[in-house]
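None of the figures in this text is laboratory data; all of them are computed from the coordinates on show. Predicted model, so just to flag it, every value in this text is computed and none were measured. Reconstructed Cβ throughout: ideal geometry from the backbone, glycine too, with neighbour counts over all protein chains shown.
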């Protein structure tokens, strides 16, 4: 029996692959489970509920199996929404061997505004190895021929650690604006699972073994909330939305136990190019909190914050330099 037009799924310990071969279109989607942090953005944004959140396993306060995802090939329509929104770039999609994302191609989703730019004139070259070694995704390298630093833009997760490590020679534009709050008094004693899952070291253990938050490095993925044993409780709330002269009532989910959560991430708004699409509005309804007037952390002040510099690996020489210059 011909398999043409039927989505085939292949799963290994490190990867999930969906493949659909048609007469003129050959779709291939790959989930890198090493990069995936089980953040819940994929399951939230999927219009067909094809992306399934897989709970991790915590033992004695540490992760022994991290949260992840599974994919239902019978539900997946290969639209690419999850590809666009994945905060850790864990999903690749090609059509006929070339990168193509249908929701972008057909303008159902916009191009997300994000970038990591480097100004070599402002860079202290004594920090070259320090910066390269501190990139959590290993996307920064030195181009000897051009005498400059290069960034693999496709795989950069915009954590902004390079900004602080270079005292501003790198400038990162994160897609999401939002907030992250750690209330250590509410944590379960001895639990550090959020630090284990955090892809950017925004949550980490300091030299004394205490859980601390370097909020400027947070990419608003929310994996920490999904991993934390103290789970958010949700309720359905009706809101009224008016667009193009049409008023609609929608149901959204709101957290009801915010005061009990050790860690809470909010996504307020996302930078994107103009688009007029019901699918995009629906995605934002699921992903973004109603905080349109909220303000992002100030970048200039963040570059001078000692807690952010101390969060970087091997930062002591540069931290001492900052102390001496004050």
By how many degrees, between 0 and 90 and to the nearest 10, does the Cα long axis of helix 316-325 differ from the longest principal axis of the chain? 60 degrees
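Taking neighbour counts of Cβ atoms within 10 Å as a proxy for exposure, in what order, fewest first, do 266, 121 appear?
Fewest-to-most ranking of 266, 121: 121, 266.
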Which peptide among 185-192, 197-204 comes first, and what is the full order, when sorted by highest mean count of other Cβ atoms within 10 Å? 197-204, 185-192
Calculate the radius of gyration of the Cα atoms of segment 8-105 to one decimal place, then report Dmax, the largest Cα-Cα distance, as a whole number, both in Å. 13.9, 52
Semi-axis lengths, Å, segment 177-287, gyration tensor of Cα atoms, sqrt of 5 times eigenvalues: 33, 17, 9
What Kirkwood radius, in Å to one decimal, follows from the Cα pairs of the chain? 21.5 Å
The chain, relative contact order in percent, only Cα pairs under 8 angstrom and at least six apart counted: 16 percent
Arrange 123, 109 by Cβ neighbour counts within 10 Å, fewest through most, would you? 123, 109
Distance from segment 125-189 to segment 55-117 (C-alpha centre basis), Å: 21 Å
Kirkwood-based Rg over Rh for segment 59-159 (C-alpha set), two decimals? 1.07
Using Cα atoms only, what is the angle between the long axis of helix 278-287 and the major principal axis of the chain, expressed in degrees (0 to 90) to the nearest 10? 50 degrees
